[in-house]
1. With respect to residue A:87, is the statement that it is part of a helix (DSSP H, G or I), assigned by TED's automatic domain parsing to the domain that holds residue A:190 and away from DNA strand D (no atom under 16 Å from the Cβ) true?
2. Just wondering, is there one or more residues in region A:92-104 that are closer than 30 Å to residue B:197 by Cα and assigned to a loop (DSSP other than H, G, I, E, B)?
3. Could you check region B:114-137 and list, in sequence order, the residues that are among the hydrophobic types (A, V, I, L, M, F, W, C) and assigned to a helix (DSSP H, G or I)?
4. Which residues, taken from region B:108-131, are among the polar types (S, T, N, Q) and facing chain A (nearest Cβ under 10 Å)?
5. Across region B:177-206, what is the total count of residues that are open to solvent by less than 30 Å² (accessible area, probe 1.4 Å), out of contact with any Gly (no Cβ under 8 Å at 6 or more places or on another chain) and under 22 Å from residue A:196 (Cα atoms)?
6. Looking at (1) open to solvent by 30 Å² or more (accessible area, probe 1.4 Å); (2) within 23 Å of residue A:200 (Cα to Cα); (3) charged (D, E, K, R); (4) assigned to a helix (DSSP H, G or I), find the lone condition where residue B:171 falls short.
7. Quick one: in region A:138-163, of everything that is under 17 Å from the mean Cα position of the chain (by Cα) and without any contact (Cβ under 8 Å) to a residue 24 or more places away in the chain, which residue is most open to solvent (accessible area, probe 1.4 Å)?
Number of protein chains: 2
Amino acid sequence: MTKPADRISRRQVDKFEERRRQLADAALQTLSELGYARTSLREIAQNSEFSHGVLHYYFRDKVELITYCVRQYKARCVLRYDGIVHDAEEPDALARDFAEGLAATLVEDALLHRLWYDLRSQSLFEESFRADVADIDESLERMIWRVVGRYAELAGIEPTCSSSMAYATFDGLFQQALLRHLAGSELATDDLKAGARHLLSHLVCA
Amino acid sequence: MTKPADRISRRQVDKFEERRRQLADAALQTLSELGYARTSLREIAQNSEFSHGVLHYYFRDKVELITYCVRQYKARCVLRYDGIVHDAEEPDALARDFAEGLAATLVEDALLHRLWYDLRSQSLFEESFRADVADIDESLERMIWRVVGRYAELAGIEPTCSSSMAYATFDGLFQQALLRHLAGSELATDDLKAGARHLLSHLVCA
DNA sequence: AGAAAATCTTGACAGTTGTCCAAGATCCTC
DNA sequence: GAGGATCTTGGACAACTGTCAAGATTTTCT
């Protein structure tokens, strides 16, 4: 029922958006390998199947490209973490699965997490990223709070700390585990699991 | 009793080291303003009273300069935090003073802390910084553990978590507070204080 | 098929970067 | 104060950066 012009423009828009996603994927890969400071547009293009000039056809400038990347990264995050929140019937099972999920993504997506902490640091210097980074941070905080809330519910108790504090401590735990994991420590994942369960039972729900 | 040659060389060494410190100071200031990604040698030199060429007289290359900076930063850290650990007689007083100290440095040294988290992220990409950064991390962990140990001692109880976990959670708390403080939030310091006391009483010492 | 629109490549540009070096300035010792 | 060691300058260099535009190529529509 759409008019021809609509179909055309919609297909064009779709293709346009698809290519943006494609290029942002290459950018995300390059960023996660090299970090923000060492990633150039030519390097990104080399990780795609296009030449460097095309980036300015799909993105106004470098900032817009990276901002788009950050948004795309956020989508992945939410997707990834949503699998962790899970409808267990026992608080212990929830704690175990949550800890396992954290440890799994720590290892599997280590480079992406490394990039996240890099970009979050950059956002403290580069005004342009701040809003998007804060947005991701908030969605991560909500994700943690869903886990905590469900855990408290199953255990029949009330959380003893705020949402932001829960996120801050879990994030600290995860970041430290990432540092040690990337430094080659074998204990990082087990410590993260133990730490997460300890945190859940002792801090957020006393 | 030292021979003339010794006196000369020692004085030269001293002067040499003093200038290195001086240049590293300028570098540290520039880094804390612009962040690692945007700091160039010429920018550093402009923040000192020398020209850019002199940097390669005192440092082999940029990596050596920044590594030297990181070490100098560490010295400041230890100094700063040592004032916080304090010989209170009451656990509550210790918790209060510790929380106050954290909140104070959060505000006063916000730019230096921002730089620290930036450099720690960089160390995950740039192999050269990793050792020094890990060194600072360990000394911060020991600092936290001294506070926790003293608190437990005064309260007549035992810490319920490991040293690394205590550091991870406090660091997460602090980092989140820094993010919010730099974003202009007025609540950041108060939340940090409350969070630190809560952490001390509920987590590390149940 | 052929015109029109879109997509993509290539090369150039101006600016910045880390690095190095020759020459000058400054300091110290005799 | 001369002479030599030490320190500092400023410029040159090649490599790299983001950006842009003209032209080649492909796709789309009639």
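1. Working: part of a helix (DSSP H, G or I): no; assigned by TED's automatic domain parsing to the domain that holds residue A:190: yes; away from DNA strand D (no atom under 16 Å from the Cβ): yes.
Answer is no for this residue.
2. Here is the first cut: in region A:92-104, the ones closer than 30 Å to residue B:197 by Cα are A:92-103.
Narrowing the set further to residues that are assigned to a loop (DSSP other than H, G, I, E, B) leaves none.
Within region A:92-104 (the criterion being closer than 30 Å to residue B:197 by Cα and assigned to a loop (DSSP other than H, G, I, E, B)), the answer is no, since none of the residues qualifies.
3. First pass over region B:114-137, keeping only residues among the hydrophobic types (A, V, I, L, M, F, W, C): B:115-116, B:119, B:124-125, B:129, B:131, B:133-134, B:136.
Of everything in region B:114-137, those that are among the hydrophobic types (A, V, I, L, M, F, W, C) and assigned to a helix (DSSP H, G or I) turn out to be B:115, B:116, B:119, B:129, B:131, B:133, B:134, B:136.
4. Narrowing region B:108-131 to residues among the polar types (S, T, N, Q): B:121-123, B:128.
Correct list: B:121, B:122, B:123.
5. 8
6. Here residue B:171 meets the rest and fails (1).
7. So the first thing to find is which residues in region A:138-163 are under 17 Å from the mean Cα position of the chain (by Cα), and the list is A:138-147.
Then keep just the ones that are without any contact (Cβ under 8 Å) to a residue 24 or more places away in the chain; that gives A:138, A:142, A:145.
Details: A:138: 97, A:142: 125, A:145: 84 Å².
Here the answer is A:142.
Conditions (1) out of contact with any Leu (no Cβ under 9 Å at 6 or more places or on another chain); (2) under 20 Å from residue A:74 (Cα atoms), marked per residue:
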| site | (1), (2) |
| --- | --- |
| A:119 | no, yes |
| A:133 | no, yes |
| A:137 | no, yes |
| A:146 | yes, yes |
| A:151 | no, no |
| A:162 | yes, no |
| A:168 | no, yes |
| A:182 | no, no |
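The values are calculated or read from the model by the stated rules, or taken from the named source; none is laboratory data. As the structure is a computational prediction, the values presented were derived from the model and not from experiment. Here the Cβ is made from the backbone with ideal geometry for all residues, glycine too, and neighbour counts use every protein chain on show. Please note that ligands, DNA and RNA were not included when accessible areas were found on the heavy atoms of the full protein model with its side chains. Shrake-Rupley method; radii C 1.70, N 1.55, O 1.52, S 1.80 Å.
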